[in-house]
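One structure is given here, and the rest of the page talks about it.
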Amino acid sequence: MANCLRRFGRLGLISKAKNGKRELYSTTSVSPASGDNTSSTKSINLFTAVNQALHIALDSDPRSYVFGEDVGFGGVFRCTTGLADRFGKQRVFNTPLCEQGIVGFAIGLAAMDNRAIAEIQFVDYIYPAFDQAGDIPIVNEAAKFRYRSGNQFNCGGLTIRAPYGAVGHGGHYHSQSPEAFFCHVPGIKVVIPRSPRQAKGLLLSCIRDPNPVVFFEPKWLYRLAVEEVPENDYMLPLSEAEVIREGSDITLVGWGAQLSIMAEACVEAEKDGISCELIDLRTLLPWDKETVEASVKKTGRLLISHEAPVTGGFGAEISASIVERCFLRLEAPVARVCGLDTPFPLVFEPFYMPTKNKILDAIKATVSY
Amino acid sequence: MFQSVDFPGGRVAFTSEMSFIAESSEKRVKCYRVLDDNGHPMSSRFEQVSKEVAVKMYSSMVTLQIMDTIFYEAQRQGRLSFYLTSNGEEAINIASAAALSPDDVVLPQYREPGVLIWRGFTMQEFANQCFGNKADYGKGRQMPIHYGSNKHNYFTVSSPIATQLPQAVGAAYSVKMDRRDACVVTYFGDGGSSEGDFHASLNFAAVMEAPVVFICRNNGWAISTPTSEQFRSDGIVVKGQAYGVRSIRVDGNDALAVYGAIHAAREMAIREQRPILVEALTYRVGHHSTSDDSTKYRPADEIQRWKISRNPLARFRKWIERNGWLNDEDESELRDNVRKQLLHAIQVAERTEKPPLEDLFTDVYDHLPSNLQEQEKLLRDTIEKHPQDYPAGVPV
Ligand SMILES: Cc1ncc(C[n+]2csc(CCOP(=O)(O)OP(=O)(O)O)c2C)c(N)n1
């Protein structure tokens, strides 16, 4: 494990975090839900941040529920630890092993004016809830609930949480990044946090947002990413990207775990005199084009990076939109550094991944185009 | 004269009595068993097993047990990234395999490597998969324990639960159309029975009259979820009738009962061209996998009870020992042998190089499309530029 991590440079990120350098994670806009701005912070990891958000969600709204496979004992990633003890088995519970059932149930619960917070154990297993079994609850049901009823009904209280992405040893079915599928579905929101502080604030916003949301948690960072997180109830805005590093030569756009890799590439590029602006998209649907557009108008260059396969990835959508808006300002083709067009491969994971050096090479090629 | 109505599916009688069908029958469905706790046959009427087959069954169970112990240990030592044992379910694994013909096509879940042991998949082949080296038939692409072997009629394991079940029905329909003297056998857990795919598969199998045997390993747990939070029916066996599928419940820790039930199920599936559902009652003695600690959610004495007093190997051993087919000496020789084979296999598998880089790109399609050709070329340039980023074990 340690070897894999070093290969991808994520260990570097964490040791940095331990040394107190957390620029990547610091957030500019924390809006306290309670109006209490003076809350203390604690250094916690990402799964603990998710856990805190769930505690707050259940505590602040008695009509909220948390459920999914193995959620009762704390979940396989420990995100739901302590919830059943504190809020009881009627509000926090195990479901049968049936993703289609979990999401269908959650939609019904949400449609009756509740907050249904459903966990899918791995995003790789969200497909039965997506398409395989024919019911298509996420795509055909959740996403169209409001629209098809002329706004008589909605399931806005629905939030589906699922761990996503590479983890060093997950192979085909414990590593996928399927965000692009969901970004093709009008009616749902897609949100992916990069760090503990972001995870807590964004998750609370998703839970309280009046639209169905899928919230993908970077499982590689569950334990690895540690930062100071306010202990109080706060929310971070949806559909607002965040510039997490300012620069003038090229704009980099990413989300989730990939940002830490991109941040390292930015640091390396700086040594070669290239100034990179790094943007965390945070919400992929509906996404904040304005922030990306403003940045690209300034830098004249754009690079997008994600773990999902490059073909049909969300990077393609960003690229097309920015070319439409910034065509005359672009000084080089938009670069994409992404996963390969193969299933996620176990032994070949280091080859598949959009690594720091692949990004760095693409930055240099784009800047000297 | 009783009044009745002709309705699709047959005549339905009318009644003036309003009565709802109960949610469960008064008594739970009985469990077929041959050997009692002490390994004595409860009756003389059971599917007989020759000395040769019985000894092979016992040896295979022992082999599976030792393989689990050694691979589990290797994972703990950090040599394997992941492992998952079949502890406690050795009888289902081996006795079901023994009752099948090698031509029967198997679609596994993941806790049935014993079927492969029975069919002659070697310790080296298991180790190659777990280490993901170039001799692994899956070319290092999947996590450990995702075995598959075309020559053994054993489909490759896929992690998503229950997806194999409707596929098994399709495969069985092909076997039917080809008029082969074989059936398809598919395995799943109690958890898997909650998936939509399970229900689709039973219904399809009944309607398509597919020769498929569904074997449910009801081991009480799906990771941390007990069966009481999985379903409220009397287990899996009763679900057969609702779909028009014949079913039986069997003691999964009784090798002779499993053997007999699967033998009969196979006969009926092929002769009558129909699906059969078998629910084997057992217990997952090990943790779910190396990523799990089951003492967090279940009592230690429950595990101990199943491990010791309901051990499937111990019960079967008593029976074959009483038949004079095995003694302590044979057994210790067997154990030594298997252990040596395994340690050797692990050493070899660990030393064998990883699959070559081109295997990253092949098999996505039958031929490499242009996007992958381009990506392979780009990747090779990157590797040349940044060799330090890539593991040395993979030949490029
Ligand atoms: C569709 C799907 N959802 C969730 C998972 C995660 N998962 C892996 S094993 C498992 C439990 C399976 O239990 P069961 O079918 O009873 O088999 P057992 O492990 O007990 O042999 C779960 C929930 C998965 N692999 N696939």
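The values are calculated or read from the model by the stated rules, or taken from the named source; none is laboratory data. A quick note: this is a predicted structure, and the numbers were derived from the prediction, not measured. Neighbour counts run over all protein chains shown; Cβ positions are idealised from the backbone, glycine included. All accessible areas refer to the heavy atoms of the entire protein, side chains included, with ligands and DNA or RNA removed. Shrake-Rupley method; radii C 1.70, N 1.55, O 1.52, S 1.80 Å.
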Subject >> the range A:212-350, dipole about Cα centre (Lys/Arg Cβ +1, Asp/Glu Cβ -1), debye to the nearest 20 >> reply: 440
**OP:** With the cut-off at 20 Å, report for the range A:177-316 the share of all Cα pairs above it, as a whole percent.
**Re:** 47
**OP:** Looking at the protein assembly as shown, send over the antiparallel percent of its DSSP beta bridges, to the nearest 5.
**Re:** 25
**OP:** Grab the Cα-Cα distance for A:Tyr369 and A:Ser43, subtract it from 0.36 nm times how many residues apart they are, and report the gain in nm with one decimal.
**Re:** 113.1 nm
Subject >> Relative contact order for the range A:43-134, counting Cα pairs under 8 Å that sit 6 or more residues apart, in percent >> reply: 29
Original post:
Could you name the lysines in cross-link range of A:Lys297, using Cα to Cα under 17 Å and dropping any fewer than eight places away on the same chain?
Top reply: A:Lys289
**OP:** Check the straight Cα-Cα distances from B:Lys340 and name the lysines below 30 Å, setting aside those fewer than 8 residues away within the same chain.
**Re:** B:Lys51, B:Lys56, B:Lys134, B:Lys139, B:Lys151, B:Lys307, B:Lys318, B:Lys354
Subject >> Rg and Dmax [Cα atoms of the range B:61-192; Å; Rg one decimal, Dmax integer] >> reply: 14.6, 49
**OP:** Report Rg/Rh for the range B:217-368, rounded to two decimals, where Rg is the Cα radius of gyration and Rh the Kirkwood radius.
**Re:** 1.07
Original post:
For the range B:124-179, which chymotrypsin sites (Phe, Trp or Tyr not before Pro) are both in a DSSP coil and crowded by at most 16 other Cβ atoms within 10 Å?
Top reply: B:Tyr137
**OP:** Compute the long axis of helix B:196-208 from its Cα atoms, compare it with the longest principal axis of the Cα atoms of chain B, and write down the angle in degrees, 0 to 90, nearest 10.
**Re:** 60
Original post:
DSSP loop GluC sites (Glu not before Pro) in the range A:301-354 with at most 16 other Cβ atoms within 10 Å of their Cβ, which ones?
Top reply: A:Glu331
Original post:
Can you give the Kirkwood hydrodynamic radius for the range A:88-241, in Å, rounded to one decimal and based on Cα pairs?
Top reply: 15.9
Original post:
Helix B:312-322 sits at what angle to the longest principal axis of chain B, using alpha carbons and giving 0 to 90 degrees rounded to 10?
Top reply: 80
**OP:** Only helical DSSP H runs with n ≥ 4 go in: add -39500 (n - 2.57) per run for chain B, normalise by residue count and round the 222 nm mean residue ellipticity to 500 deg cm²/dmol.
**Re:** -13000 deg cm²/dmol
Subject >> Total accessible surface hidden between B and A, rounded to 100 Å², 1.4 Å probe >> reply: 3600
**OP:** Choose one answer from A:Pro62, A:Pro163, A:Pro212: the residue with the largest mean-square fluctuation in a GNM of chain A with alpha-carbon springs under 10 Å.
**Re:** A:Pro62
Subject >> Principal-axis tilt of helix B:370-385 within chain B, Cα atoms, nearest 10 degrees >> reply: 40
Original post:
Within chain B, which is the longest segment containing none of the GluC sites (Glu not before Pro) that sit in a DSSP loop and have at most 16 other Cβ atoms within 10 Å?
Top reply: B:48-208
**OP:** Using only alpha carbon pairs under 8 Å that are at least six residues apart, calculate the relative contact order of the range B:1-80 and give it in whole percent.
**Re:** 10
Original post:
Among the lysines, which have Cα under 17 Å from the Cα of B:Lys239 when same-chain residues fewer than 8 positions away are ignored?
Top reply: B:Lys27, B:Lys30
Subject >> Rh by Kirkwood over Cα pairs, then Stokes-Einstein D for chain B at 1.002 mPa s and 20 °C, µm²/s >> reply: 94
Original post:
Where nothing but the Cβ of Lys and Arg (+1) and of Asp and Glu (-1) is charged, how large is the charge dipole of chain A around its Cα centre, in debye to the nearest 20?
Top reply: 440
**OP:** Note down the magnitude of the dipole of the protein assembly as shown about its Cα centre, charges +1 on Lys and Arg C-beta and -1 on Asp and Glu C-beta and zero elsewhere, to the nearest 20 debye.
**Re:** 600
Subject >> 222 nm mean residue ellipticity, helices alone, for chain A (DSSP H n ≥ 4; -39,500 (n - 2.57); rounded to 500) >> reply: -10000 deg cm²/dmol
Subject >> Residue with peak Gaussian network fluctuation, chain A [Cα springs, cutoff 10 Å], from A:Ala111, A:Ala332, A:Ala53 >> reply: A:Ala332
Subject >> Hydrodynamic radius (Kirkwood) for the range B:1-103, which is based on Cα pairs only, to one decimal in Å >> reply: 19.3
Original post:
What fraction of the Cα pairs in the range A:189-254, stated in percent, has a spacing above 17 angstrom?
Top reply: 48
Subject >> Exposure rule at most 10 other beta-carbon atoms within 10 Å, DSSP loop trypsin sites (Lys or Arg not before Pro): chain B longest free segment >> reply: B:233-396
**OP:** First check a/c for the range A:36-178, with a ≥ b ≥ c the square roots of the eigenvalues of its C-alpha gyration tensor; if it is under 1.5, answer rounded, and if not, answer prolate when a/b is larger than b/c or oblate otherwise.
**Re:** oblate
Subject >> P(r) histogram, all alpha-carbon pairs of the protein assembly as shown included - 20 Å bins from 0, percent >> reply: 15, 45, 31, 8, 0
Original post:
With all protein chains present, how much of the accessible area of chain A (probe radius 1.4 Å) comes from carbon and sulfur, to the nearest whole percent?
Top reply: 52
Original post:
Can you give me the Cα centroid spacing of the range B:277-305 and the range B:201-274 in angstrom?
Top reply: 20
Original post:
How much space per residue, in cubic angstrom, does the convex hull of the C-alpha atoms of the range A:254-369 take up?
Top reply: 99
**OP:** Evaluate the relative contact order of the range B:51-351 (contact order divided by residue number), counting alpha-carbon pairs under 8 angstrom at least 6 apart; express in whole percent.
**Re:** 24
Subject >> Stokes-Einstein diffusion coefficient of the range A:314-355, Kirkwood radius over Cα pairs, 10 °C, 1.306 mPa s, in µm²/s >> reply: 130
**OP:** For chain A, just the Cα set please: Rg and Dmax, both in angstrom.
**Re:** 19.7, 60
**OP:** Taking each pair of different alpha-carbon atoms in the range B:108-153 once, compute 1/r for the pair, average those values, and report the inverse of that mean as the Kirkwood hydrodynamic radius in Å to one decimal.
**Re:** 10.5
